[in-house]
1. Taking the condition among the basic types (K, R), under 27 Å from K71 (Cα atoms) and in contact with an Asp or Glu (Cβ under 9 Å, 6 or more places away or on another chain), does R284 pass?
2. How about segment 153-165: which of its residues are over 18 Å from R363 (Cα atoms) and more than 11 Å from the ligand (Cβ to nearest atom)?
3. For segment 53-65, does any single residue satisfy the condition of being more than 25 Å from I204 (Cα to Cα), among the aromatic types (F, W, Y) and modelled with pLDDT of 95 or more?
4. Please enumerate the residues belonging to segment 1-15 that are touching a Lys or Arg at 6+ places or on another chain (Cβ under 7 Å) and of a type outside the set (F, W, Y).
5. Output the number of the condition that L42 fails; it satisfies all remaining conditions of (1) in contact with a helix residue (DSSP H, G or I) (Cβ under 7 Å, 6 or more places away or on another chain); (2) away from the ligand (no atom under 14 Å from the Cβ).
6. Read through the list (1) without any contact (Cβ under 8 Å) to a residue 12 or more places away in the chain; (2) farther than 28 Å from A305 by Cα; (3) part of a loop (DSSP other than H, G, I, E, B), then give the number of the only condition that E223 fails.
7. Quick check on segment 145-155. Is at least one of its residues surrounded by fewer than 24 Cβ atoms within 10 Å (Cβ to Cβ), among the aliphatic types (A, V, I, L, M) and part of a loop (DSSP other than H, G, I, E, B)?
8. Go through (1) touching a residue at least 40 places away in the same chain (Cβ under 8 Å); (2) more than 20 Å from Q180 (Cα to Cα); (3) away from the ligand (no atom under 12 Å from the Cβ) and name the single condition D98 misses.
Amino acid sequence: AAAEKGGFASFMDKEIHDQPQAVADTLLGRTDLEGRLVLDDLRVDEAVLRQVDKIIVVACGTAAYAGQVAKYAIEHWCRIPVEVELAHEFRYRDPVVDAKTLVVAVSQSGETMDTLMAVRHAREQGATVLAIVNTHGSTIPRESDAVLYTHAGPEVAVASTKAFLAQITASYLLGLYLAQLRGTKFPDEIAESFAALRAIPEKIQQVLDAAEQVRETARSMAEATSVLFLGRHVGFPVAMEGALKLKELAYIHAEGFAAGELKHGPIALIEEGQPVFVVVPSPRGRHSLHSKVISNIQEIRARGARTLVIAEEGDEAVLPFADEVFFVPQTPVLLAPLVSVVPLQIFACELATAKGLDVDQPRNLAKSVTVE
Ligand code: G6P
């Protein structure tokens, strides 16, 4: 087992470090000689994809957060409404689904029963179902109309890390492909976004190389009983994923909130010493939410929060209000989750390790839940 972990203390630690490769491999071989996107493994009629008028992403756990990230990008690129729903909720609420609906089922294992039941239900209603799955030959892609494989390699640790990044990457490929097919974006813009995706593995590597700072913080917080996470836009699902990782691995009460929602409730939780991670959007974004999130940091700091800020390199505006800043490389706004979630994964893994917990096999959880 030590050899399988490639010298890392746990599978999870190894899988966090596999992430540059997972993203690179998921992007491999996706363009033709003219630079157009080709999704060879998709096996679905282009005519069907052209007439899609709604996308519903169904998934559970971390895969559902990948879907939430994807929603921002797919709607922006394709102008198709995207809903994201937990598979078990979708299945039992009489959802509005028809032949023009594309249901995207996201799953690392391809065996999650809740997600499989949603796939079956969607197909019965006449929807086209596309699976974004990591495990070849698993049940969900077998029962779907189309499949786009993530190439993250086997994920062993119960808590998902590299599959998450690969799921975001694959759903972005899908979004760009649909934009290309439907002509909603100029070819240049699609090529630009694809090139930006190709630059991501190197940026993840930079985050990994700078991980000692977040590890040290994690070790100093082994006694924490509650940690909050705030994010906005694509940073919102990142905040929720950061909270989920901490619950799963370190058994610490953690919640992720939309930063804009703070004043509508969660700010009541802030008291002296409450640690809060804040995922700050890029100050360079066209519709920058940067200053709004900076105000959020100010507001919680004024109420005694300990602010742990994830910000883009060069973003000096965060410095006056942050107890600690973890800088991540600059990316286009929509691609930021692929780098900003990494410190949160490392944080949870290291904190759980500091507590002496088994990070690969957290209590009460299974890697793949094959019952409803
Ligand atoms: C389980 C795992 C989670 C995972 C979820 C969905 O609950 O513990 O880590 O995110 O299932 O799994 P899937 O294989 O469908 O992505």
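1. In short, yes.
2. Hits for segment 153-165 are G153, P154, K162, L165.
3. No.
4. Across segment 1-15, the qualifying residues are K5, G6, K14, E15.
5. (1)
6. It fails just one condition, (2).
7. No; the residues of segment 145-155 include none that is surrounded by fewer than 24 Cβ atoms within 10 Å (Cβ to Cβ), among the aliphatic types (A, V, I, L, M) and part of a loop (DSSP other than H, G, I, E, B).
8. D98 satisfies all of (1) touching a residue at least 40 places away in the same chain (Cβ under 8 Å); (2) more than 20 Å from Q180 (Cα to Cα); (3) away from the ligand (no atom under 12 Å from the Cβ) except (1).
The values are calculated or read from the model by the stated rules, or taken from the named source; none is laboratory data. For clarity, every value in this text was computed on a predicted model and none was experimentally measured. All Cβ positions, glycine included, derive from the backbone under ideal geometry; neighbour counts span all protein chains shown.
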